[in-house]
Amino acid sequence: MSELISGKTISMQIKDELRSEVEQLKSRGIEPCLAVILVGEDAASAIYVRNKKKACSDLGIRSVGHDLPDTATQDELENLVQELNDDPAVHGILNQFPLPNGLNETRVIQKISPEKDVDGLHPLNAGMIAMGQPRFVSCTPYGVLQMLKRSNIDTSGKKAVVLGRSNLVGRPIATLLSSKGWDSTVTVCHSRTANLADVTSEADILIAAIGIPQYVTANMVKEGAVVIDVGINSIEDSSKKSGTRLVGDVSFEEVEAKASFITPVPGGVGPMTIAMLMVNTVNAARWQNGLPELQI
Ligand code: NAD
C-alpha cells in the first residue's frame, strides 16, 4: 500500500508560512498585490479566478480583478497588461487562460513584464529554468517539486519519466528534475512515444500530465515507484448529484497498490498550484523591493 502525498496538507503548510511572511512585509510598508485578468464568461475560468482571489485574501495579499467582456480586442487586453506592468503597486500579473477565440495567448504572455510574470510562462522565465537559474517557476511544476521535497523523496540519480511535454506542465517539470539539485535522469514521453509502458515501467518517479482520464494503469508502473498525478479530468458518474466526478490521469486504485507514494485527485497537485502562485506573488513583491527570495 502506498503513502498518500496530500497536496491539501502541504499547500496549507506553505500558506501558513506565507501568512507570517506577508505580515512582515506589510509591517515594512510592502503590500503584495496580484492583478488577475479574466476575459469572457468561461465558467471553469471564473471558478479558478475566484479560488485564486480567495487564496490571496486568506493570506492578506491584495488581489485586483480586471474582468473584460469576450468582445475585448487584443489591443484592449494588451493595453491593460501594459498599465499593470507600469503600476508599481502591482507585483504580479496573471491572465487566466484560455482566452476567448480570436485572442492570442502567446502575445499576452510576452506582453507581461517578466518581473511580474507570476505564472512563469514568459519566454525569459522559461529560459531561466532551462539555464538552471529559475526565477518564476510556473505554478504547477513548482507545486510538484514542493510535494517531492516536502515528502522527503530523494530525486538524485533516480529515473524520472514525465508523461506530457506541454510548456505549462510537462516540459518545465522535466527540465527542473534534470537540473542541479534535483539531479534525476529524465525521460519525456508524449503522444508519439513508442512502447510507452516499457518506458514508464522503468521510472522510479512517474509524473503524469497528459489529460486522459485514468490512462496510467498498474502494468505501466514499477513496484515502489513514486507517482505524481497532475491530470484533472471530469468523467461521468451517475452516483453523483452533478452526474460527474474528477479523476486524474492515473487509475488510482490499481496504481496505489503498487506505488510507494502517490498523489490523489482531487486534493493532490491542484491545491499546490494555487499555493505556489501565492509564493510567486510574495517573491515578486520581495524582488521588486530589493529583498531576497523566500526559502520555501
Ligand atoms: P496539454 O494538452 O497541453 O498537454 C498534454 C500532453 O500530453 C501533450 O504534450 C501530449 O503530447 C501528451 N500526451 C497526450 N497523449 C499522450 C499519451 N497517450 N501518452 C503520452 N503522452 C501523451 O495538457 P497540460 O496543460 O499539460 O495538462 C495536462 C493535464 O494536467 C490536464 O489534465 C490538465 O487539466 C492538468 N493540469 C492540472 C493542473 C493542476 O493544477 N493540477 C494544472 C495544469 C494542468
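The values are calculated or read from the model by the stated rules, or taken from the named source; none is laboratory data. These numbers come from a predicted model, not from an experiment. In this analysis, Cβ positions are derived from the backbone assuming ideal geometry, glycine residues included, and neighbour counts consider all displayed protein chains. SASA here: full protein model, heavy atoms, side chains in, ligands and nucleic acids out. Shrake-Rupley method; radii C 1.70, N 1.55, O 1.52, S 1.80 Å.
Taking VAL188 and the conditions (1) near the ligand (Cβ under 10 Å from one of its atoms); (2) surrounded by fewer than 17 Cβ atoms within 10 Å (Cβ to Cβ), which numbered condition does it fall short on, given that it satisfies the others?
Of (1) near the ligand (Cβ under 10 Å from one of its atoms); (2) surrounded by fewer than 17 Cβ atoms within 10 Å (Cβ to Cβ), only one is false for VAL188: (2).
Any idea which residue in segment 158-171 is farthest from the ligand (Cβ to nearest atom), counting only those that are more than 24 Å from GLN13 (Cα to Cα) and open to solvent by less than 60 Å² (accessible area, probe 1.4 Å)?
Selected residue: ALA160.
If you check GLU115, GLU105, GLU41, which single one turns out to be under 22 Å from the mean Cα position of the chain (by Cα) and exposed (fewer than 13 other Cβ atoms within 10 Å of the Cβ)? Break it down into steps so the answer makes sense when it comes.
Working: GLU115 fails: exposed (fewer than 13 other Cβ atoms within 10 Å of the Cβ); GLU41 fails: under 22 Å from the mean Cα position of the chain (by Cα).
Only one candidate qualifies: GLU105.
Go through segment 1-24 and report how many residues are in contact with a Phe, Trp or Tyr (Cβ under 6 Å, 6 or more places away or on another chain) and among the hydrophobic types (A, V, I, L, M, F, W, C).
Looking only at that region, the number is 1.
Residue-wise test of (1) at pLDDT below 95; (2) of a type outside the set (A, V, I, L, M, F, W, C); (3) buried (at least 17 other Cβ atoms within 10 Å of the Cβ).
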position	(1), (2), (3)
THR9	no, yes, no
LYS15	no, yes, yes
ALA46	no, no, no
VAL49	no, no, yes
HIS66	no, yes, no
PRO69	no, yes, no
GLN82	no, yes, no
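Which of the residues spanning segment 172-185 are of a type in the set (Gly, Ala, Ser), touching a strand residue (DSSP E or B) at 6+ places or on another chain (Cβ under 7 Å) and either more than 11 Å from the ligand (Cβ to nearest atom) or open to solvent by 30 Å² or more (accessible area, probe 1.4 Å) (or both)?
SER178, SER184, listed by residue number.
Looking at segment 202-296, what strands (runs of 3 or more DSSP E) fall wholly within it and have at least 2 residues that are buried (at least 17 other Cβ atoms within 10 Å of the Cβ) and modelled with pLDDT of 95 or more? Write out each step before concluding.
Details: elements: 205-208, 226-229, 233-236, 244-247.
Of the strands (runs of 3 or more DSSP E) lying wholly inside segment 202-296, those with at least 2 residues that are buried (at least 17 other Cβ atoms within 10 Å of the Cβ) and modelled with pLDDT of 95 or more span 205-208, 226-229.
Condition check: small (Gly, Ala, Ser) and open to solvent by 30 Å² or more (accessible area, probe 1.4 Å). Does ALA130 satisfy that?
Judged against the criteria, ALA130 is a match.
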